[in-house]
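A quick write-up on the structure given underneath.
Please treat every number below as a calculation from the coordinates, not as lab data. Please read these numbers as outputs of a predicted model, since none were measured by experiment. Cβ coordinates were reconstructed from backbone atoms using ideal geometry, including for glycine residues, and neighbour counts include every protein chain displayed.
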């Protein structure tokens, strides 16, 4: 699944996605607490990598974070700019984030790695490590399951990751895992979140 095909899949359903999942009120209370707690622990410039329609970016911005949202899908960025005019957004890839080395103190990647084939995830984690200052923090959210196993996501093919394997990849990319959260909600795929810091 390439960036181009993933972008096209989301472009075709961007309005529907924003309508269903584009509000912070639609997000799980525990996710709001997790992301809010992570954001409040960081000072300095942050990026929401794969921000979608921008609701998490705005949520952190309202909490006082200096944050920018980036996403591959122009329709998401246009909508985010219209809905949250006080927050910076731009079209961009987080495989090549167009940010100098050791610039950021935080990167949020909330369910934004799920469409990358397993072979490409190490490259993305290395890019996150590159742009973060030593001690900078990364928060990743993903579907918890057999690592690298594909499944048919509502928009396009996605992949499961286990906390153990994601932690292993993070360690190889230069991160130390600080915190792990796991949750199984009735009728939904298992959820996991990992907070890590650059060595």
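Stokes-Einstein diffusion for region 26-138, with the hydrodynamic radius set to the Kirkwood value over Cα pairs and evaluated at 25 °C in a medium of 0.890 mPa s, equals 174 µm²/s. Region 32-110 and region 137-169 have Cα centres separated by 20 Å. The share of C-alpha pairs in the chain whose separation exceeds 22 Å stands at 43 percent. Calculated [222 nm] ellipticity per residue, helices only, for the chain: -10000 deg cm²/dmol; basis is -39500 (n - 2.57) per DSSP H run with n ≥ 4, divided by all residues, nearest 500.
Computed on the chain, with alpha-carbon pairs under 8 angstrom and 6+ residues apart, the relative contact order is 17 percent. Between residue 93 and residue 186, the FRET efficiency estimated from the beta carbon spacing at R0 = 30 angstrom works out to 0.25.
Comparing 49, 82, 158 in a Gaussian network model of the chain where C-alpha atoms under 10 Å apart are linked, the largest mean-square fluctuation is found at 82. For the pair residue 26 and residue 62, a Förster radius of 22 Å applied to the C-beta separation gives a FRET efficiency near 0.85, rounded to the nearest 0.05. Of all DSSP beta bridges confined to the chain, the antiparallel ones make up roughly 50%.
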